[in-house]
Amino acid sequence: MTTSSFFHRFAARLSPERIAVTLATILFFLLILCPLIGLSFDLVQAYMTGSADITSPLVLTPRRTGLLAASVGLAAAVAGSGLLIGILFISALFRLPGKLRYGILLMLLALAGIPPYIHALTWSEAIHGAHLIVPGLPATGWLVSFWVELMALLPLSAFLSWLAFASLDIRLVDAGRLVRSDIVVLWRIILPMAAPALGAAFGFVFLLCCTDYSVPSLFGADVYALDIFAQFSASNSAAEAVLYAVPLLLVTFLVMVASRAGIRTLAQTPGWIPARSATLPEFPGWFRVLQAGSTVLVAVQILVLFSGLFLAFESPNVFFASILMAQEELAYSLLTAVLVILISLPLALAAAQELKRPGFRGAAAWLIVLVPLAVPAPLIGIGMITMGNLPFFSAFYPALIMPAMVSVIKFSPFAAIILFVQMRFIDPLLFDAATVFAKSRFDAWTRIHLPLFAPGLVVSAGILASLTLAELGATLIVSPPGHATITMRIYNYLHYGSSSDVAGLCLMVTVLTLGVSSGTILLLWRVSRGSGIRGDLP
Amino acid sequence: MIELNEISKTFDTYRVVDRVSLTIPDHARIALLGPSGSGKTTLLRLIAGLEKPDTGTITMDGRLMSSPGTMVPPSERSIGFVFQNGALWPHMTVAENIRFALGDLAFGEQQLRTRSLLERMGIFTLSARYPDQISGGEARRVALARALAPRPSTLLFDEPLTSLDRTLREDLLLLILESVRETGSRMLYVTHDEYEAERIDGTIIRFENGTICHDGF
């Protein structure tokens, strides 16, 4: 190859589009690794200068060992029980007519976006009410934390169970139903085939539970993630906090790596939306009792959520007064959510292309994209502060947008995975046709690429907004003095405030979250023409 | 004898099977020939009990199997089904795929029957392999063995030779015909290939737009 032809080919590959995608991809992966990079710098610096005690945080005292075991046990119990109830509930749901079934699934999805601390409030009210009937019922502690966390994550667990079932090739289920009863087909065909996806769902719920402290801390259960925050508050040393977090990180990374293959398989499953059984499954009586039990639990969760908020709601005046009182926090939260969407979507769109790659590069991208899921929320906040305090970055430390940055780090990977899934529904020939027929690159992007990506972008935006509104663990650490999000305000009120103010704000956040979810679903319905999705939705 | 009486099935607003009446006598060999999307597969699925009819009835040997108000589960219809591309369970070995269809038999008998079917299909050496470790032609042989395993009174074939090369198709078609002859089951073979339909050497029924347009009886 001559030098000129090499440069010619190199220049030909350097299209503005390719440069933009490459830069956005690099930025995405750097950004989600930012907290870990910051923490690593601090750790090396502490080791070199001897400025922090880096040996004692590594010693696993009996208290820490017990705390770790209890935290991991809590997360495993919540994920396992949630999935079991979810599987039973979804298997019962398959008896319902298609439109009703999809309606319930969409409702579960909308409920999954409601922040856990709102469930904590409503369950707290319910437990206080139950005291009138059963006086000795515990109101705090590990058991109550388990129950509230389980119920808070139940809509998500049930929805993930449906995804796992829906990922199956229905012909393989039909082939089983021809020769064996439905219960045998469930045990021997459906569950083993759905096992990787169910495993991934278990890992996902486990990680959500293990890395967050908001619910247990409200019920007096001191989980390991909260202890990391406490360690940082006491020592003000990021290095000590990260070393303190190592045992939990080992567990969460192990679970994340184990779940990675399942999540990737689930995302690559050919047709998870249209899966359905044409004739109703017939299960034995004992199994139908279990299904009924799971349905009652899901119904109780929905009932407790809305009745709790309704009963705590004193009057419209109190409601509007609590909103007025928190209008600054509300504005800051909404602004943060918009910023997260604006930053995350272009980066996630570029990163989704990387997730499509086969071989080592694709595998590495999948591993990195799941890293934020395995890092406890306080550590993400601490890592970002440390990064911002590094000499090079401290000059332009973006204090006001730090809550947005931690949400981008935590949640933009979800957007990348959703966009990856959506891209698989698009025929690549449509892009080739756009290259041939569009007047310009801009024309191709605005009139072909973006409309085709629109369903994935809409869903991602909705999920990013819901999750950002609910984020607490990292935001609490990075929020600049004098600025708080609505979630921070509610969390503080849950400890110290009056119940009517808390209820008013929680009701507002619930309405906001359900509004975002409903808006997303409606918008998705409008923009999904020709994307391969619309025809499969009710 | 299987009797379909005024069977209809509609998906959304599209009537896929439209008031089909058909009698399939014992030991009959029928090829259901028609273009893609004509409703042939849906008709097979209705007979198998994988779809519920909107109108009409299906009876098998005098017993009502399907109607808008009655559905006998697929596993109680004594039906063997060979799906397009095999539909083998990926988490089971070849032998386990066949053994699963022999649920009522004692384990020893299951082993014996599985072995004899594997030998009959010429795939005994593959018994411990998983579906992703065998070829497309081998997968169809496993699917045929699985369909034959419970000695069903009716064998349904849904374009079982799709995407195979000519030599393989010929070999498998011979194997299918020999197997059906040996078992004495009635056979309903769905295809869009005129040559395959003629090779069945039985009755050819032409199916278009959800209805029978030529009854070969």
Summing +1 per Lys or Arg and -1 per Asp or Glu among the other residues with Cβ less than 15 Å from A:Thr295's Cβ gives +3
Filtered hits (lysines, Cα-Cα < 24 Å from B:Lys40, offset >= 8 within chain) -> B:Lys9, B:Lys52
Residue-ordered couplings for segment A:415-432, obtained by feeding phi - 60° into the Karplus form 6.51 cos²θ - 1.76 cosθ + 1.60 and rounding to whole Hz (Gly and Pro as x), are 4, 4, 5, 4, 5, 4, 4, 5, 4, 5, 7, 9, 5, x, 5, 5, 6, 4
A convex hull over the alpha carbons of chain A yields, per residue, a volume in Å³ of 191
Treating only Lys and Arg (+1) and Asp and Glu (-1) as charged, each at its beta carbon, one finds that the protein assembly as shown has a dipole about its Cα centre, in Debye to the nearest 20, of 800
The helix B:107-120 Cα axis meets the longest alpha-carbon principal axis of chain B at an angle in degrees, between 0 and 90 and rounded to 10, of 80
Counted neighbours (other Cβ, 10 Å), sorted fewest up, put A:Phe89, A:Phe219 in the order A:Phe219, A:Phe89
Quick calc of log₁₀ I(q)/I(0), segment A:53-308, Debye, one scatterer on every Cα, no solvent, q values 0.10, 0.11, 0.13, 0.15 1/Å, result -0.57, -0.67, -0.89, -1.09
Plugging the Cβ-Cβ distance of A:Phe320 and B:Asn5 into 1/(1 + (r/R0)^6) at R0 = 51 Å yields, to the nearest 0.05, a FRET efficiency of 0.20
Note on segment A:60-121: alpha-carbon gyration tensor, axes a ≥ b ≥ c; rule is a/c under 1.5 for rounded, else prolate if a/b larger than b/c, else oblate; result oblate
For B:Val82, the residues 5 or more places away or on another chain with a placed amide H closer than 5 Å to its own amide H are B:Leu156, B:Phe157, B:Asp158
The exposure ranking of A:Lys99, A:Lys410, B:Lys52, fewest beta-carbon neighbours within 10 Å first, is A:Lys99, B:Lys52, A:Lys410
Note on segment A:317-412: alpha-carbon gyration tensor, axes a ≥ b ≥ c; rule is a/c under 1.5 for rounded, else prolate if a/b larger than b/c, else oblate; result prolate
Note, A:Leu218: beta-carbon cut-off 13 Å, +1 each Lys/Arg, -1 each Asp/Glu, net -4
Cα-based Rg then Dmax for segment B:59-185, in Å, read 14.9, 46
Over segment A:127-174, the quotient of the Cα radius of gyration and 2.2 N^0.38 Å is 1.87
Taking Lys and Arg as +1 and Asp and Glu as -1, residues besides A:Ser233 with C-beta under 12 Å from its C-beta add up to -2
Yeah, segment B:87-151 with a ≥ b ≥ c from its alpha-carbon gyration tensor (a/c under 1.5 is rounded, else prolate when a/b outruns b/c, oblate otherwise) is prolate
Label model pair B:Asp26, A:Ile183: point-to-point distance (7 angstrom along the Cα→beta-carbon line) in nm is 3.4
Charge dipole of chain A built from unit charges on the beta carbon (Lys, Arg +1; Asp, Glu -1), centred at mean Cα; most positive-end Cα among A:Phe414, A:Leu31, A:Leu309 is A:Phe414
Ranked from fewest to most other Cβ atoms within 10 Å of their own Cβ, A:Trp123, A:Trp142 fall in the order A:Trp142, A:Trp123
Here segment A:189-199 yields Karplus 3J(HN,Hα) values (6.51, -1.76, 1.60; θ = phi - 60°; whole Hz; Gly and Pro given as x) of 10, 5, 5, x, 6, 7, 3, x, 5, 5, x
Going residue by residue through segment A:382-390, the Karplus relation 6.51 cos²θ - 1.76 cosθ + 1.60 with θ = phi - 60° gives ³J(HN,Hα) values, rounded to whole Hz and with x marking Gly or Pro, of 4, x, 5, 5, 4, 4, x, 8, 5
Non-local residues with an amide H under 5 Å from the amide H of B:Ile204, with H modelled 1.01 Å from N and Pro and chain starts lacking one, are B:Ala31, B:Gly216
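Since every read-out is calculated from the coordinates, none of them should be taken as a lab result. Here the structure is a predicted model, which means the values were calculated and not measured. All Cβ positions, glycine included, derive from the backbone under ideal geometry; neighbour counts span all protein chains shown.
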